[in-house]
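For reference, the structure discussed in these notes is given below.
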Amino acid sequence: MATVTETIQEVHNDFALTLEMAKDEGKKVVGCLCSYSPTELILAAGAIPVGLCGSTQEPITKAEEILSPDQCPKVKATYGRAIAGTCPIFPLADCVIAETTCDGRKKMYELLEREVPMCVMDLPQKPDTSAALDHWIEEVRKAKTYLEQQLGVTITDDNLREAIAKGNRRRKLITNLYYCRIHNPGPINGLEFINTMTKLQYYIDIDNHLETLEQFYSSLQEQIDKKVHAHSANQPRILWTGLGNSLGCSKVLELVEECGGVVVCQEGCGGVTRSEDQIILMEDEDPIVSIAKRYLRVTCACMTPNNQRFDDLTRLCDEFKIDGVIDLAWQFCQPFEIESYRVKELVKDTLDLPFLHIVTDYSQSDTEQLRIRVEGFMEQIATRKRHDRRN
Amino acid sequence: MTQKKKHYFVGIDAGSRTTKAVLLDDEGNLVSAIRPTGINVGATAEEVFGDVLGQVDATPRDVKYLVGTGYGRVSLEFADTTVTELSCHALGANFINPEIRMVIDIGGQDSKVIQLDENGSMVDFIMNDKCAAGTGKFLEMVARKLETDLENLSDIHFESEQPCAINSMCVVFVETEIISLLARGESAANIVSGVNWAFANRIGNMARRLGIKEQYVLTGGVAKNRGLKDALNQYLGVPFAPLGIDPQINGALGAAVLALRSS
């Protein structure tokens, strides 16, 4: 396995080149901004889904010409990516599917719509109610119609069923990859894992993509079988929750591994819970309904209450034999910041595990301050492990 | 300190504003030194190291183990090991009084609340966000704005008749707020007391978020501000346990204790 050498910028540049070639051949590109985007609709339309969420500091300065600095870095970076002219991928999107998740995003979308054709789906935020599902099903249907009109195609039920099968296959493979790290010691460190996953999320052809995921999985399996370890068995095993799970905004994750920890499980934005939940496709059910049900179950903090996240955290801490939990919220992200209190209650009081909450942004300005916390957290875990060994 | 040949254990805490050294001998006697950190952390650390060695007439060779801590710990090339000040504050407080279960440390650039066990191991902590709110730098700015110094800031707190309501904990915005209060004719004492109360609320809430554990102590340079200490005591409702040493050297003491335990 190669070490982390490629920057996110290089990943974007490389992908933009292949994407341009695909477009020359008549392929359409649809941008997605969040885990709530039903990518199966895009696949069923024969188009290429591309994640356009901002994960780097660079476009933020440009975005702050329009947005106030007191917005979360994700909102600013995503908008900046569209207007700064530095992202090679963004201009290639024929249209974008987005959702009314948090306030910052949905208000930013009003401005983003000026840059690219957009379909903003109205995401209900009390997902457990039946009215919410009915409404969301209609929104998914509207998004399908939008794509048909925008891309000049017809999406049939068969197209949808095929896309669902591939989407499920994709999620299954990604979940398997996450679970390779259940081993202690494991075959790959957290940073290298998110580096590879960030690269792999960009694909032109879904079938090739599935094959690449298979290959990555085989290579990790081989390392597991041959007992080739990326870390030792006594390094603190960290579960990562909340935000900050992708290359470009991975500074805290890097610090954790620099300070001797290893991030073995990610829950939250871009984490394992975004892949393990499958679309349950029943023969007699409208595939739009099946898709809608699955995407309404995504456990972002914009939902209330977001109870499934806590059940998932409990299970994952046990499965991955976690020594400590780090919960990261971006500055000015109200949903994750407030929900963090409940995460703390669960982790510290119920699971009795060390817990560290971090609020930061994409800049490097606070790296040394963060290092003290992370290093202190590792000391706290080491003390706990010594104590547990004694008892 | 006796004159016979001894082994020494040193802790150096290179903080953002001041660098502190504590030297312990194998009987637990301590000497200490403090210097402003300045721009060259490594050089300042060597100087405070020299200061404490000078006080016991020893050379670096007499030192069995040296632990570096604080924000500038990575610059301490001569340290045998480094550890965060979070762990060191726990060890320092435990050395002074094993009954202590919590340390509130307010330093130059950050503030932290640390819980510890009976062995002096840090078991949990919480730190302020990345800005000067609730730190020594914040008080320095207030003192400058009121054309006084930190020592006087501590005294005039008690002259206040009616503390002003201060809403801003940001060094930039509080400056504006102080200007407005001065323009309204508020006394310096009322402003200072208001600032201390706002400060105490912020730190007190941080401590409550972690959970108050008795007994607890206040450390760091800001612990020398009697006005703030008084406000914080009143806000939390439980008096601080006596520390018995300069509150500024607790981190360095913890590092020296670790040096003693590590050797």
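The values are calculated or read from the model by the stated rules, or taken from the named source; none is laboratory data. Nothing here was measured: the structure is a model prediction, and the numbers come from that model. Quick reminder, even Gly has a Cβ in these numbers, built from the backbone with ideal geometry, and neighbours come from all protein chains shown.
Just checking, does segment A:341-358 include any residue being hydroxyl-bearing (Ser, Thr, Tyr), crowded, with 18+ Cβ neighbours inside 10 Å and more than 9 Å from every other protein chain (Cβ to nearest Cβ)? Within segment A:341-358, not a single residue is hydroxyl-bearing (Ser, Thr, Tyr), crowded, with 18+ Cβ neighbours inside 10 Å and more than 9 Å from every other protein chain (Cβ to nearest Cβ). Taking A:Ile338 as the residue in question, decide whether it is within 24 Å of the chain's Cα centre (by Cα), at pLDDT 95 or above, in a helix (DSSP H, G or I) and more than 8 Å from every other protein chain (Cβ to nearest Cβ). In short, yes.
Remark: B:Asn205 matches the filter, which requires a residue to be surrounded by fewer than 18 Cβ atoms within 10 Å (Cβ to Cβ) and either in a helix (DSSP H, G or I) or not β-branched (Val, Ile, Thr) (or both). For B:Leu146, the conditions (1) farther than 21 Å from B:Asn205 by Cβ; (2) within 14 Å of chain A (Cβ to nearest Cβ); (3) hydrophobic (A, V, I, L, M, F, W, C) all hold with the exception of (2).
Scanning segment B:100-141 for residues that are of a type in the set (Lys, Arg) and within 11 Å of chain A (Cβ to nearest Cβ) yields B:Lys112, B:Lys130.
Among the criteria (1) out of contact with any helix residue (DSSP H, G or I) (no Cβ under 8 Å at 6 or more places or on another chain); (2) among the hydroxyl-bearing types (Ser, Thr, Tyr); (3) in a helix (DSSP H, G or I), the one A:Thr78 does not fulfil is (1). Determine if segment B:126-148 includes at least one residue that is surrounded by fewer than 24 Cβ atoms within 10 Å (Cβ to Cβ), within 22 Å of A:Thr383 (Cβ to Cβ) and among the aliphatic types (A, V, I, L, M). Yes - at least one qualifying residue is present in segment B:126-148.
Considering only residues that are over 27 Å from A:Glu10 (Cβ atoms) and among the hydrophobic types (A, V, I, L, M, F, W, C), look in segment A:203-237 and name the one that is farthest from the chain's Cα centre (by Cα). Applying the filter and picking the extreme gives A:Ala233.
Those residues that are within 7 Å of another protein chain (Cβ to nearest Cβ) and at pLDDT 90 or above, I need them from segment A:365-391; list them, please. Correct list: A:Ile372, A:Arg373, A:Glu375, A:Gly376, A:Glu379, A:Gln380, A:Thr383. Inspect all residues belonging to segment B:149-166 and state whether any of them is in contact with a strand residue (DSSP E or B) (Cβ under 8 Å, 6 or more places away or on another chain), of a type in the set (Ser, Thr, Tyr) and crowded, with 19+ Cβ neighbours inside 10 Å. No; the residues of segment B:149-166 include none that is in contact with a strand residue (DSSP E or B) (Cβ under 8 Å, 6 or more places away or on another chain), of a type in the set (Ser, Thr, Tyr) and crowded, with 19+ Cβ neighbours inside 10 Å. Taken residue by residue, segment B:91-99 has at least one member that is part of a helix (DSSP H, G or I), within 14 Å of chain A (Cβ to nearest Cβ) and surrounded by 19 or more Cβ atoms within 10 Å (Cβ to Cβ). Scan segment A:150-207 for residues that are out of contact with any strand residue (DSSP E or B) (no Cβ under 6 Å at 6 or more places or on another chain), assigned to a helix (DSSP H, G or I) and not hydrophobic (A, V, I, L, M, F, W, C) and the total you get is 22.
Between B:Val257, B:Val222, the distinction of being of a type in the set (Val, Ile, Thr) and assigned by TED's automatic domain parsing to the domain that holds B:Arg73 belongs to B:Val257 only.
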